[in-house]
1. Would you confirm, using the coordinates I've provided, whether Asp18 is farther than 21 Å from Leu203 by Cβ and surrounded by 13 or more Cβ atoms within 10 Å (Cβ to Cβ)?
2. Inspect the stretch 2-24 for any residue being hydrophobic (A, V, I, L, M, F, W, C), assigned to a loop (DSSP other than H, G, I, E, B) and under 30 Å from Thr149 (Cα atoms) and give the result as yes or no.
3. Please verify whether the stretch 43-56 includes one or more residues that are assigned to a loop (DSSP other than H, G, I, E, B), touching a strand residue (DSSP E or B) at 6+ places or on another chain (Cβ under 7 Å) and surrounded by 14 or more Cβ atoms within 10 Å (Cβ to Cβ).
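The values are calculated or read from the model by the stated rules, or taken from the named source; none is laboratory data. Predicted, not measured: the structure shown is a model, and the values here were computed from it. FYI the Cβ positions are ideal-geometry reconstructions off the backbone, even for glycines, and counts take in every protein chain you see. We work out accessible area using only protein heavy atoms, side chains counted, and drop any ligands, DNA or RNA first. Shrake-Rupley method; radii C 1.70, N 1.55, O 1.52, S 1.80 Å.
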Amino acid sequence: MSNLNNKIKNIKELHKGDFISLYDLEYKNKLNQDKHWSVATRKDKEALEEFYLKNKEDKVDAVCIVAYHVKYKKLVIIKQFRVPVNDYLYELPAGLVDKEDKDIIQAVKRELKEETGLNLLDINENYTMEKAYLSPGMTDESIALVFCTCDGELNKDNLEDDEDIEAMLISQDRANDILKSKEKMDVKAFLMLQNFALLGEKLFL
């Protein structure tokens, strides 16, 4: 971790939730002034103390899957109902990394199968980013952005009760249509649809 001047001095729990908690961070800014910042996190207090106070590397929270179906030569996209925006959004398959996962590949296999019914084939390590932060102005949440190939047929057999998801396979032309439609979407889905519309399978192979 970089040796920053505006280091965090203390953390205080404001609210502890089942999946997301809220903390107050006390820190020094570049003028050596005492400041406070609220942060939403998926981590427990012990992990936060290791990260903020002891400068230890934090673990990635989730995987986000950029998958290409080799048989149908299409991009895998989902449309999911999201309570915070009270609407369905185009997204990429994704899910949390469990403590029991030995690596992110295990999480990718599970989440791809659960949300789409598809099977992981290969991961393109050259394109994969092992840790990317999503919205660092309000949260420390990070993802592994994983580029991969897959096969199988779409199904909903493994969805959890609270997952309202429609998985779909998108051609280059359909990707263009979705982009032009101005429908609501996650920024990661927007960027991957845009890249796939331009590059097609070159994005993966």
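1. No, not satisfied.
2. Within the stretch 2-24, one or more residues are hydrophobic (A, V, I, L, M, F, W, C), assigned to a loop (DSSP other than H, G, I, E, B) and under 30 Å from Thr149 (Cα atoms).
3. No, the stretch 43-56 contains no residue that is assigned to a loop (DSSP other than H, G, I, E, B), touching a strand residue (DSSP E or B) at 6+ places or on another chain (Cβ under 7 Å) and surrounded by 14 or more Cβ atoms within 10 Å (Cβ to Cβ).
Let's see how each residue does on (1) at pLDDT 95 or above; (2) under 19 Å from the mean Cα position of the chain (by Cα); (3) open to solvent by less than 80 Å² (accessible area, probe 1.4 Å):
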| position | (1), (2), (3) |
| --- | --- |
| Asn5 | no, no, no |
| Ile8 | no, no, yes |
| Val63 | yes, yes, yes |
| Val66 | yes, yes, yes |
| Lys71 | yes, no, no |
| Val76 | yes, yes, yes |
| Phe81 | yes, yes, yes |
| Tyr88 | yes, yes, no |
